[in-house]
1. For region 1-113, which strands (runs of 3 or more DSSP E) that fit wholly inside it have 1 or more residues that are acidic (Asp, Glu) and within 27 Å of residue 211 (Cα to Cα)?
2. Within region 114-134, track down each residue that is under 18 Å from residue 82 (Cβ atoms), open to solvent by 10 Å² or more (accessible area, probe 1.4 Å) and not in a helix (DSSP H, G or I).
3. Restricting region 250-295 to residues that are among the hydroxyl-bearing types (Ser, Thr, Tyr) and open to solvent by 10 Å² or more (accessible area, probe 1.4 Å), which is farthest from residue 126 (Cα to Cα)?
Amino acid sequence: MTYRVARPLPDAQQAAWQTVLAEFTAEVPDPRKVEVVITDEYDKVVAEYMATEVDLAFDAALVSQYRADRADGARAAAKTSPQPDGKVVVVVGTRLAAQGLGSMRHCLLHEAQHVRLHQHGDAAHAVHRRVPFELPKSELTWEYLWFAQSTIDEFRCERTVHERGWTSRSNLNTAADFASVVGVFQKVHANHYRTRDLKDTHREAFGALMRMATVLGYGAAGLVTGVIPPGAWVQAPAMGMFVDVLEDLPGTDVVVPREDLADTSVEVAKRLRQLFNDMGFDYRYTPDGDWFAVA
């Protein structure tokens with residue numbers, strides 16, 4: 001573990017990090033190739049490692065624009081970054097400690113499952129680059145596929161956290177979180193009709209969809225494992241079409257064939273596009289190029 005902080009952390013906080021790091025290490029197949037960085041400059045440090053990350057999902061020139069703040073006001077607490085030569089770096093913000101040992105454990109052990117997926121070679125992230133694959137461009141764009149892959153990985157990692165009994169109730173996602181993101185889409189819609197700035201609308205709408213993909217992945221994992229009761233999602237019936245696809249995926253202890261992950265990614269991507277349409281937006285490929293529209 002490496003500390004990148006402006007001033008030394010309190011002894012009690014360092015002891016807490018050491019406790020959860022020991023549990024994290026026990027979950028990682030090859031700890032020798034993993035570095036955990038605890039930092040109070042989270043955005044900056046994540047951007048540094050993303051600059052050398054394997055299989056970036058977007059233009060490397062945008063790395064410096066990384067922000068932990070999400071569209072609905074949530075803030076990322078940790079980021080697992082696969083690096084060249086099989087190394088994996090997990091960056092964790094010191095703010096997480098303020099949420100207590102339970103949240104620290106939940107978050108670190110969730111990230112340990114991302115490491116497990118990368119070290120086992122069955123992360124959904126960028127799986128289309130590791131198998132023969134052709135994007136069905138009549139139905140999807142690459143954005144939907146990348147977000148779908150993230151949904152799958154988040155689901156599998158969170159499923160494992162729940163199945164091992166490490167759940168922190170404050171980390172659960174329910175229909176209330178889904179509704180918050182729906183609210184973001186509504187604001188994007190309103191801003192568009194005020195400014196007519198299609199470029200900003202595109203950026204903001206996909207930022208909302210990216211956040212919604214994470215909420216769906218986390219929420220589905222809680223539903224499938226019984227940690228979240230079905231009633232907690234009854235106000236967001238859209239969850240049903242994602243649970244139908246995700247529920248058969250195992251946690252991180254089982255290696256899933258890459259071809260299966262690629263097929264599931266396409267199915268989840270189709271549902272994300274449908275959800276994007278339901279939120280009042282569409283993005284597709286046409287014979288004349290890509291096309292974005294607001295209903």
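The values are calculated or read from the model by the stated rules, or taken from the named source; none is laboratory data. From a predicted model like this one, the values you see are computed outputs, not experimental measurements. Glycine also receives a Cβ, built like all others from the backbone with ideal geometry; neighbour counts cover every protein chain displayed. Side chains are part of the model used for accessible areas, which takes the heavy atoms of the whole protein and leaves out ligands, DNA and RNA. Shrake-Rupley method; radii C 1.70, N 1.55, O 1.52, S 1.80 Å.
1. Working: elements: 2-4, 34-39, 78-82, 88-93.
In region 1-113, the matching strands (runs of 3 or more DSSP E) lie at 34-39.
2. The initial filter retains those residues of region 114-134 that are under 18 Å from residue 82 (Cβ atoms), namely 114-131.
Imposing the further condition that a residue be open to solvent by 10 Å² or more (accessible area, probe 1.4 Å) reduces the set to 114, 116, 118-121, 125, 128-131.
Within region 114-134, 121, 125, 130, 131 meet the criteria.
3. Only one residue fits best here, namely 286.
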